[in-house]
Amino acid sequence: MKRKLLAFLLLGLFAITSAMAQNKTITGRVVGADDGLPLPGVSVRVKGGTAGTSTGADGNYSLTAPSNASALTFTYIGFVTQEVSIGSSNRVDVRLATDAKQLSEVVVVGYGAQSRALSTQAVSTVTAESFKNQVIQSPQQVLQGQAAGVNMVNSSGLLGAASSITVRGGSSLSAGGQPLYVVDGVPLNTGDYTQAQGGSSGLNPLLNINANDIESMTVLKDAAAVSIYGSRGSNGVVLIKTKSGANNTATKINVDYFTGTSKPTDILKYMTADQWRNFRKEYLTANGTAVPAYPTTSFDWADAVIRTGIVNNFNANASGGDDKTKYFVGGTFSDESGYTIGNDLERLSGRFNFQHNVSNKLRFGLNYNIARVNSDRVGAENSTYAPLTAAYLQLPYVMPYDAAGNFVNTGFVQNVLGLEATGFNKLNSNRNTGNAFAELDITSGLTFKTDWGIDNVLFDEKYREVDVFTPGGYGYISRSGDNKWLTQNTLNYNKIFGQKHSVSALAGYSFETAKATSGLFEGQGFASDDLPNLASASTPLTASETVAEWALESQFARLGYTYNDKYLFEGTVRRDGSSRFGQNKKYGVFYAASAGWILSNESFFNKDSKIAQFLKLTASYGTAGNDQIGYFNYLGTFAAGGAYNDASASAPNRVANPNLSWEETAQLDLGVTTRLFNAIDLQVNYYNKLTTGLLAGVPYPYTTGFASATQNVGEMRNRGVDLTIGSENVKTTNFSWSTSFNVGFNKNTVLSLPENKDPEGRNFLSGSTAQRAIVGESRNSFYLIRYKGINPATGDAEWLKKDGTATTAPTAADRVVVGHANPDFQGGFTNNFRYKAFDLSAFFNFAYGGKVLIDGLRFTENFATGSYNKSTDLLDYWKTAGQEAFAPRLNSPTRTTFNQLSTSQLQDGSYARLKAVTLGYNLPASLLAKSKVIKSARIYGLGQNLFIITAKDFRGPDPEVSANGASNLVMGESFFAAPQSKSFTFGVNLGF
């Protein structure tokens, strides 16, 4: 019996061994022939057999094939099908050529990549080619006018200014309103870490990232795209993929240098000293007031604080790889001075991306970026410590120096020349961001990936004023940081069954945590101005330190199914547990479902049609959340209350709310994607977003001892359409012309808010004196008195009452909704031309329908006071009956109220701007061949913000402003915010 069993086992072992000997494992990588980028989801089949698989996110595949298999067939929608002989090799790498009749792009999505043709997600992608050789302070600028449905507004023209970005309309009131930024899979820290200063009062999350290192930026917009990020996806997600090398590619070295100058695009009007003295004399005389003897001196403060900005930027990188390893290493040094004094930015950054194939099944890699930014800052623009603010307001006869040439204290309107020359206002930041990962192909189509990342930022601020401006001197230091680490572990499965069924699946677990620390120390009473350090202060004023920590635990999954490359289905679910929420609401579940139908793959579709070559319909619905609500808002907390009976004391300052939870946004998306005339790509998406559980402060009765508490109480809706068009207009050997156009339409409506009635009986939430969220209106509605103008018969200024009748004495009760800050639509338009060795690109961006409040006009158009300089528009005051004048008569009773907050300062913020023009020339290869070292050389010139078209009566320096930065409830308001800069740069790019 034992002998028979042994013989049976030996026979079975022989059969298995024989079967294994008749099969072999083939591995390889599939990339695009044009750009060398990996192609995910490529169908790989044994010719004449049933074995098949598909490539993973990095283009790799592993397939078990019979030993006598002769060839593999590679099929991918948008690319030409290719058949490759196997031969004796166990590795087959392939470069697929694009099919001009199909959509061939690969788009980055959450935790992977997809073929654009087979994707059911709504995304917008901006590639490095779109912003090559441009002067970019922060990568957010790359998105302006380049992605449909993305509204990007520069808060100011100062270096380091944070941008405000909304994706398909604002989805929050009090919680964070900016997108989630993810760099190579690492979600970045965001928050307010620095003391309020000009340009940016909070962390610009992308300031330390070098735009030269970016391969693409992808904005995830609909629920199918963002729900994989769960409680952080309701404001959209921006995925940044940095550059990498390519396998079996010789080392390429690229060096780029550019230099240029900048000036403000425009400035506000202001009087000279003689104009001011004459105007004040006429004004005081008309009102029977004695005219004092004003000094006869004159000084042009605006001219003194504005200079020619200079930029110098040097970037070098190297990339390449062999059959097992690929790498990218790069570094950038940038030194830029803004067009106002005291505004400088120096950046040094380095990046190293690396991946190595240990075997056919095991890979590991590293993406790492280190950066240091040193900036010289100016005072906040809504204070007289800012150069332009002080320059506009400073009386034009006031001199910055005394007779001996020493700086003098000019009082409330600061001597900003002296502040800059004698003190300092520095911010240094260091940031380390990166991740290390390993991938293992467990079996054919199944890959495990473990990823560990960090994002560590450290800020060091130093400020000092000397004795002449603050008696005894004043200074502070502020140090803050935010250190994050995270781990993400995923299983990816891609498999093809039979000839028509393709399945992709993702399952993952992630955990991340971060600790933020900040300390502020300030003092005064310095023995000498030559003692700059805070330790020399004799009187400490503040010594404070705060520490906050949070964590997020998540499980997520995505399942995709494609039938016969025609019918597409995808489902996503994510469960998040956050320490930011109350004990009853720690965990939440977010989901999405989407479907697509590629009609152009149906038998009834005319594949030889000269009109349409590709047509796809998509639909999706799902949810995402917003967890940016601070650290401990759900806890009942105490605050230091000073001393009680000679002992330190504290008192309750916040009510506990264990039910505090994230805002949730549900979104419906319907889309059409098509390719027409073999030259035009068109994508149209309609969306309807409903945000519930809006976080807002709910007033408490006075008797409770608490003013308000944060609760989930409101609802808001965003509806709109995104349109993107790309076309190849002409394409010949010597000449080509391509165009891209995008526009996003959005209507924002607040549906419900906590009880707080306005005179019309509508609930509202104030954002500023001029702006509020009102039920039935936009989140950013301007609520103001309407200015009518100067009565030609009387010379009095007139406004409108609530009922529309004219009055010279309006009240707060006459305020009405007069527009909103968010534009009705915005977008961009780019034309690219190439003629032989020359290339030309022109990029326009535009916005229409939004209002902007130029609040500084209330000071420069103030008749009554002699404390500030004034706009030259006031010289056009009413003198005779029938005159159409800008300002009232000098002795009009309305002269003291002429500058009151009203629609007089509210401007039409619509504009179209020539954002960038680039002209380049590539040196001929015949000339470069003589060097034997330089493989390519390009010289180029770039002009930015060259001209702008605005509304006819626009009175601000720039319609693109948001002085409150990335705020939700306050947009489009400016208090002397610095305008964008007009710049000209010239550079050279060399390839070795």
For T73, indicate whether it is within 22 Å of D565 (Cβ to Cβ) and either modelled with pLDDT under 80 or hydrophobic (A, V, I, L, M, F, W, C) (or both). no
Among the numbered conditions (1) under 30 Å from S130 (Cα atoms); (2) out of contact with any strand residue (DSSP E or B) (no Cβ under 9 Å at 6 or more places or on another chain); (3) not hydrophobic (A, V, I, L, M, F, W, C), tell me where K935 comes up short. (2)
Test G630 against the stated conditions and say whether it is without any contact (Cβ under 8 Å) to a residue 60 or more places away in the chain and at positive phi. yes
Picking from A390, A421, the residue that is crowded, with 22+ Cβ neighbours inside 10 Å, closer than 29 Å to L531 by Cβ and among the small types (G, A, S) would be A390
Pairs needed: first member in the stretch 353-379, within 23 Å of K241 (Cα to Cα) and without any contact (Cβ under 8 Å) to a residue 12 or more places away in the chain; second member anywhere, among the basic types (K, R) and exposed (fewer than 15 other Cβ atoms within 10 Å of the Cβ); C-beta distance under 8 Å; at least 6 residues apart or different chains. none
Of A821, A770, the only residue that is within 34 Å of the chain's Cα centre (by Cα), within 30 Å of A916 (Cβ to Cβ), of a type outside the set (D, E, K, R) and crowded, with 22+ Cβ neighbours inside 10 Å is A821
Go through (1) within 25 Å of the chain's Cα centre (by Cα); (2) at pLDDT 95 or above one by one and return the number of the condition I306 breaks. (1)
Let me spell it out: the conditions are (1) under 30 Å from P823 (Cα atoms); (2) in contact (Cβ under 8 Å) with a residue 60 or more places away in the chain; (3) out of contact with any Phe, Trp or Tyr (no Cβ under 7 Å at 6 or more places or on another chain); (4) part of a loop (DSSP other than H, G, I, E, B), and F898 meets all of them except one. Which number is the exception? (3)
Scope the stretch 84-98; condition at pLDDT 80 or above and either under 43 Å from the mean Cα position of the chain (by Cα) or among the β-branched types (V, I, T) (or both); matching residues: V84, I86, R91, V92, D93, V94, R95, L96, A97
In the stretch 690-716, residues that are surrounded by fewer than 16 Cβ atoms within 10 Å (Cβ to Cβ), β-branched (V, I, T) and in a strand (DSSP E or B) total 0
State the number of residues belonging to the stretch 757-777 that are touching a Phe, Trp or Tyr at 6+ places or on another chain (Cβ under 8 Å) and in a loop (DSSP other than H, G, I, E, B). 2
Check whether at least one residue in the stretch 342-354 is within 30 Å of N409 (Cα to Cα), out of contact with any Cys (no Cβ under 8 Å at 6 or more places or on another chain) and outside any strand (DSSP E or B), and report yes or no. yes
Is it true that some residue in the stretch 363-378 is polar (S, T, N, Q) and within 30 Å of G321 (Cβ to Cβ)? yes
In the stretch 661-681, which residues are of a type outside the set (S, T, Y), surrounded by 16 or more Cβ atoms within 10 Å (Cβ to Cβ) and assigned to a strand (DSSP E or B)? E663, E664, A666, Q667, L668, D669, L670, G671, R675, L676, I680, D681
Given the condition part of a loop (DSSP other than H, G, I, E, B), at pLDDT below 95 and buried (at least 20 other Cβ atoms within 10 Å of the Cβ), answer yes or no: does some residue in the stretch 919-940 qualify? no
Determine which member of the set V457, V408 is among the β-branched types (V, I, T), modelled with pLDDT of 95 or more and more than 30 Å from K324 (Cα to Cα). V408
Taking the stretch 791-807 and the residues there that are assigned to a strand (DSSP E or B) and in contact with a Ser or Thr (Cβ under 9 Å, 6 or more places away or on another chain), the one that is surrounded by the most Cβ atoms within 10 Å (Cβ to Cβ) would be A797
Can you list the strands (runs of 3 or more DSSP E) found entirely within the stretch 808-872 that contain at least 1 residues being within 24 Å of L268 (Cα to Cα)? 816-820, 838-848, 851-854
How about the stretch 301-328: which of its residues are out of contact with any His (no Cβ under 8 Å at 6 or more places or on another chain), hydroxyl-bearing (S, T, Y) and farther than 24 Å from S983 by Cβ? S319, Y327
Failed condition for L751, given (1) of a type outside the set (S, T, N, Q); (2) part of a strand (DSSP E or B); (3) surrounded by 16 or more Cβ atoms within 10 Å (Cβ to Cβ): (3)
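Here is a yes/no grid of residues against (1) closer than 29 Å to K515 by Cβ; (2) hydroxyl-bearing (S, T, Y); (3) in contact (Cβ under 8 Å) with a residue 24 or more places away in the chain:
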| residue | (1), (2), (3) |
| --- | --- |
| S138 | yes, yes, yes |
| D184 | yes, no, yes |
| T190 | yes, yes, yes |
| Y193 | yes, yes, yes |
| Q197 | yes, no, yes |
| M217 | yes, no, yes |
| V226 | yes, no, yes |
| N247 | no, no, yes |
Would you confirm whether or not the stretch 967-977 contains a residue that is assigned to a strand (DSSP E or B) and within 28 Å of T865 (Cα to Cα)? yes
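Yes/no matrix, rows are residues, columns are (1) within 21 Å of H501 (Cα to Cα); (2) within 32 Å of the chain's Cα centre (by Cα); (3) modelled with pLDDT of 95 or more; (4) not in a loop (DSSP other than H, G, I, E, B):
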position: D565; (1), (2), (3), (4): yes, no, no, no
position: E570; (1), (2), (3), (4): yes, yes, yes, yes
position: V573; (1), (2), (3), (4): no, yes, yes, yes
position: N584; (1), (2), (3), (4): no, no, no, no
position: A593; (1), (2), (3), (4): yes, yes, yes, yes
position: G596; (1), (2), (3), (4): yes, yes, yes, yes
position: S600; (1), (2), (3), (4): yes, no, no, yes
Given the conditions (1) more than 30 Å from D256 (Cα to Cα); (2) part of a loop (DSSP other than H, G, I, E, B); (3) of a type outside the set (A, V, I, L, M), report the number of the one that D323 does not fulfil. (1)
Go through (1) modelled with pLDDT under 90; (2) under 31 Å from the mean Cα position of the chain (by Cα) one by one and return the number of the condition E549 breaks. (1)
Given the conditions (1) outside any strand (DSSP E or B); (2) in contact with a strand residue (DSSP E or B) (Cβ under 8 Å, 6 or more places away or on another chain), and given that P292 satisfies all but one, which numbered condition is not satisfied? (2)
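The values are calculated or read from the model by the stated rules, or taken from the named source; none is laboratory data. All values reported here derive from a predicted model rather than from experimental measurement. Using ideal geometry, Cβ is built from the backbone for each residue, glycine included, and neighbour counts are taken over all protein chains shown.
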